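Notes to accompany the following structure.
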Amino acid sequence: MEILIVGAGGMARGIGLRLVRGGHQVRIADREPDSAAALAEELGASASGEALDSAAGAEVIVLAMPFEGNRQVAEMWAGQLYGKIVVDICNPVDYATFDGLVTPPGKSAAEEIAEAAPGAHVVKAFNTTFASRLANTGRLDIFIAGDDLDSRRLIADLCTDADLRPIDVGGLKHALALESIQLLHMKVQGEIGGNWATALTFAP
């Protein structure tokens, strides 16, 4: 399957490595094409890098940037994303305080992105796992939320291919709970000594 990852940061690297190991073709798109090309070279022959121009050809689009960047791309590509599976991985954390989310009360980043790209099948996934753990081997839990059952199942299959354990939590309304969980997880890293390198996982 051809998957487009938007962004060339740590999460893009971790997800990209997993998907390439799982036998999938990965395209990395970034506002800085050189960064996309460098990450693609690291991922190997099954990956390519490109400018942030188009979602054409990709069966799944993974938005792997901070919240505002993800929303901007969803708005920019709204017409191209119609009918496609769009995976939002972000956590809309208020990084100034780590004491709340920057989305409107009662609304998740994933729901904001779904509104920005009407007709896209938005799925929340990967937001509760840190980039450093994704980049390594080992089975981790990936919570999946989305209103389209077939889209959730396809993302679950990709997770299985990538040696991850998918956990289907139901509709997109549950994305807010997943984002809130990760807010707390990030906030207590200093206390639990994880240094942002642990993962919320119950897999054996």
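How much accessible area per residue does the stretch 9-50 have, in Å², with a 1.4 Å probe?
For the stretch 9-50, the solvent-accessible area averages 45 Å² per residue.
Say R0 is 22 Å: what FRET efficiency, to the nearest 0.05, do Met1 and Asp34 get from their beta-carbon distance?
In this case the efficiency is close to 0.25.
When the Cα atoms of the stretch 1-138 are enclosed in a convex hull and the volume is divided per residue, what value in Å³ results?
For the stretch 1-138, the hull spanned by Cα atoms encloses 107 Å³ per residue.
Give me the compactness ratio for the stretch 78-204, meaning the Cα radius of gyration over 2.2 N^0.38 Å.
Against the empirical 2.2 N^0.38 Å value, I get 1.05 for the stretch 78-204.
Once R0 is set to 22 Å, what does the formula 1/(1 + (r/R0)^6) return for the Cβ-Cβ distance between Asp147 and Phe98, expressed as a FRET efficiency to the nearest 0.05?
0.15
Do you know the relative contact order of the stretch 31-186, to the nearest whole percent, from alpha carbon pairs under 8 angstrom that are 6+ apart?
For the stretch 31-186, the relative contact order is 19 percent.
Between Asp157 and Glu59, how many nm apart are label points set 7 Å from Cα along the C-beta direction?
0.6
Which of rounded, prolate or oblate describes the stretch 30-105 when judged by the alpha-carbon gyration tensor and an a/c cut-off of 1.5?
It comes out oblate by the Cα gyration axes.
Under a point-charge model restricted to the Cβ atoms of Lys and Arg (+1) and Asp and Glu (-1), what is the dipole moment magnitude of the chain relative to its Cα centre, in debye to the nearest 20?
480
Suppose R0 equals 25 Å; then what is the FRET efficiency for Thr137 and Glu42 from their Cβ-Cβ distance, rounded to the nearest 0.05?
0.95
Got a number for carbon plus sulfur as a percent of the chain's accessible area, 1.4 Å probe?
53
Cut-off 19 Å, label point 7 angstrom out along Cα-to-Cβ of Lys173: give me the residues of the stretch 79-115 whose amide nitrogen falls inside.
104-115
Going by average Cβ neighbours within 10 Å, how do the peptides 56-63, 8-15 rank, with the highest at the top?
So the peptides 56-63, 8-15, ranked by packing, come out 8-15, 56-63.
The values are calculated or read from the model by the stated rules, or taken from the named source; none is laboratory data. All of these numbers come straight from a predicted model, not from anything done at the bench. Because the Cβ atoms are built from the backbone with ideal geometry, glycine has one as well, and the counts that use them run over all protein chains shown. Side chains included, ligands, DNA and RNA excluded: accessible areas come from the protein's heavy atoms. Shrake-Rupley method; radii C 1.70, N 1.55, O 1.52, S 1.80 Å.
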